[in-house]
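**Q** Would you mind keeping the following structure in view while I ask a few things?
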Amino acid sequence: MEIIQVVGIGIIATFLVLVIKEQKPVFAFLLATFTGIVIFIALAGKIAEVIRVLEHLATQARVNNLFFETILKIVGIAYIAEFGAQVTRDAGQGSIASKIELAGKLLIMVMAIPIITVIIETVIQILPA
Amino acid sequence: MVEWLTDWIKQIILLVLIATFLDLLLPNHSMERYVKLVMGLIIIMAILSPIFKLIKNDLNLANLATTIQHKWNMKEMSPIRDIKENADKLQKNQDQLIQKQTEKSMEKIIKQNIQTKFGVEVVQAKVKTELNRNHVLEIKQIEVVTRTKSINQKSPTKTKSMEPVAPVHVEITPTIIKPSNQVDKSLAKEITEYLKQSWQVTTEQIHILIEAPR
C-alpha cells in the first residue's frame with residue numbers, strides 16, 4: 001500500500017508545482033525537492049530492511065566484513081549521488097548534476113582501492129620466488 | 001575441510017547475488033560501470049581468499065622457519081664450545097685412565113718378571129709414564145724396590161713382613177742407591193740391564209733399590 005501513498009504524494013506535489021510554477025518558480029522547485037526528500041526518506045526504511053536481511057545473510061555465510069561494508073557504502077553513495085544529481089538537474093543545473101555524479105563515481109572508485117591494493121600485493125607476492 | 005569449502009562457496013554465491021541485486025537497485029546507468037567494476041573486484045577477492053590465506057600461511061611458515069633456524073644456530077653456537085670443552089675433558093680423563101692402566105699393568109708385569117727371573121721379592125714396582133707430543137705414552141721412570149729372599153721364608157710370613165716396608169717408598173735416585181754389598185749391586189745391575197732390554201729404557205730411568213732380607 002505504500003506505493004499508493006508515494007504515488008499520491010508525487011501526483012499531488014506535481015499538481016501543486018504546476019500551479020505554483022507560473023507565479024513563483026523558486027517555490028515550485030523547493031516543493032519538488034521537498035517531495036523528493038520525503039519520498040526518499042519514506043523508502044529509506046524499506047532499504048534499511050533490505051540491507052538488514054543482506055547483512056544477516058552475509059554474517060551467516062561468513063562473508064568478509066570488508067567486502068560487505070564496501071558494497072553497502074557503494075549502494076549508499078550511488079543512491080545519494082543519484083538523488084542529488086536529479087534534484088539539481090530538475091532545477092536546471094545540469095552541470096552541477098554531472099559534478100555530483102562525478103563525485104559519486106570517484107568515491108565508488110575510492111572504495112575499491114583497498115581491494116585493488118590487496119589483489120596487487122598478492123600478485124606481487126606470488127610472482128617473485 | 002568440507003566446512004571451509006561450503007563457507008567459501010556460500011560467500012561467493014552470496015556476493016554474486018548481492019551484486020545482481022545491486023545492479024537492479026542502482027538508480028541510473030551512469031553509475032553501473034563503476035559499481036560493476038568494484039563488485040567484480042570484490043567477487044575476485046572472495047574467490048581468491050583461499051589463496052590469500054595460503055600465501056599468508058606460507059609467509060608465516062617461512063618466518064617460523066627462519067626464526068627456528070636462527071634459534072637453532074644460536075643454540076648450536078654455544079653448545080659447540082661446550083661440546084668441545086667436554087670432549088677435551090673427556091679426552092684428558094681417558095688419557096689419564098689409560099696412563100694409569102698402563103702403569104699398573106706394566107708394574108704388574110715387571111713385578112712378575114723380576115720375581116720369576118731373579119728369584120727376589122719385589123716389594124714395590126713403580127712405573128711413571130708421560131704423554132709425549134704425539135699422544136703416545138712414554139716410560140719416564142721405573143722404580144723397583146726388591147728384597148732378596150731369605151731361603152727359609154714362607155709365603156704367610158712374607159705378607160706379614162711386607163707391612164713394615166710399605167712406608168719406605170721414598171724417592172730414591174740412582175746416586176743414593178748404595179747396595180749394601182757386592183751381590184746386591186750386581187743383582188741391581190742385572191735387573192737394570194734386564195729392564196733396559198725388555199722395556200727399551202735408559203739406565204737413568206731405572207731406579208732400583210735392594211733391601212736386605214728379613
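Read-outs throughout are calculated quantities, based only on the coordinates presented, and are distinct from any laboratory measurement. Keep in mind that what you see is a predicted model, and the values were worked out from it rather than measured. Using ideal geometry, Cβ is built from the backbone for each residue, glycine included, and neighbour counts are taken over all protein chains shown.
**Q** Anything over 24 Å Cα to Cα? Flag those among B:LYS84/B:LYS140; B:LYS84/B:LYS128; A:LYS24/A:LYS99; B:LYS89/B:LYS196; B:LYS117/B:LYS189, in the order listed.
**A** Over 24 Å apart, Cα to Cα: B:LYS84/B:LYS140; B:LYS84/B:LYS128; A:LYS24/A:LYS99; B:LYS89/B:LYS196.
**Q** Quickly work out the B:LYS108-to-A:ILE113 label distance, labels modelled 7 Å from Cα along the C-beta direction, and quote it in nm with one decimal.
**A** Rounded to a tenth, the inter-label distance reads 9.1 nm.
**Q** Another one. Give me the distance in nm between label points sitting 7 Å out from Cα along the Cα-to-Cβ direction at B:LYS89 and A:VAL26, one decimal.
**A** Between B:LYS89 and A:VAL26, the simple spin-label model gives 10.1 nm.
**Q** I would also like to ask the following. For the pair B:ARG33 and B:ILE13, how long in nm is the line joining their label points, each one 7 Å along Cα→Cβ?
**A** 3.4 nm
**Q** Could you give the spread of the C-alpha atoms of chain A along their three principal axes, from largest to smallest, in whole angstroms?
**A** Result, largest extent first: 75, 36, 12 Å.
**Q** Between A:ASP90 and A:ASN65, what is the FRET efficiency for a Förster distance of 30 Å, r being their Cβ-Cβ separation, to the nearest 0.05?
**A** Efficiency for this residue pair is about 0.20.
**Q** Taking beta carbons within 10 Å but only from partner chains, what does the mean come to for residues B:38-46?
**A** The shielding value for this peptide is 6.
**Q** Excluding residues fewer than 8 places away in the same chain, name every one of the aspartates and glutamates whose C-alpha is closer than 16 Å to that of B:LYS10.
**A** The qualifying aspartates and glutamates are A:GLU55.
**Q** To make sure I understand the rule: partners must be aspartates and glutamates, Cα under 15 Å from the Cα of B:LYS126, and not fewer than 8 residues away in the same chain. Which ones qualify?
**A** Straight-distance partners of B:LYS126: B:GLU103, B:GLU107, B:GLU138, B:GLU143, B:GLU171, B:GLU204.
**Q** Sort the following peptides by mean Cβ neighbour count (other Cβ atoms within 10 Å, averaged over residues), highest first: B:83-94, A:83-94.
**A** Working: B:83-94: 10.3, A:83-94: 16.3.
Sorting B:83-94, A:83-94 by mean packing, highest first, produces A:83-94, B:83-94.
**Q** Which whole number gives the average, over all residues in A:63-69, of C-beta atoms from other chains lying within 10 Å of the residue C-beta?
**A** On the way: counts 10, 6, 0, 2, 11, 4, 0.
Taking the mean over all residues of the peptide, I get 5.
**Q** Right, something else. Per residue of A:105-111, what is the mean number of Cβ atoms on other protein chains within 10 angstrom of that residue's Cβ?
**A** Details: counts 5, 1, 1, 6, 3, 1, 5.
Going residue by residue through A:105-111 and averaging, the value is 3.
**Q** Computed from the mean reciprocal separation of all distinct C-alpha pairs, what Kirkwood hydrodynamic radius does the range A:64-129 have, in Å?
**A** Hydrodynamic radius (Kirkwood, Cα pairs) of the range A:64-129 is 13.6 Å.
**Q** Something else now. R0 = 51 Å: FRET efficiency of B:MET1 with A:PHE40, Cβ-based, nearest 0.05?
**A** Step by step, r from the Cβ atoms, then E = 0.60.
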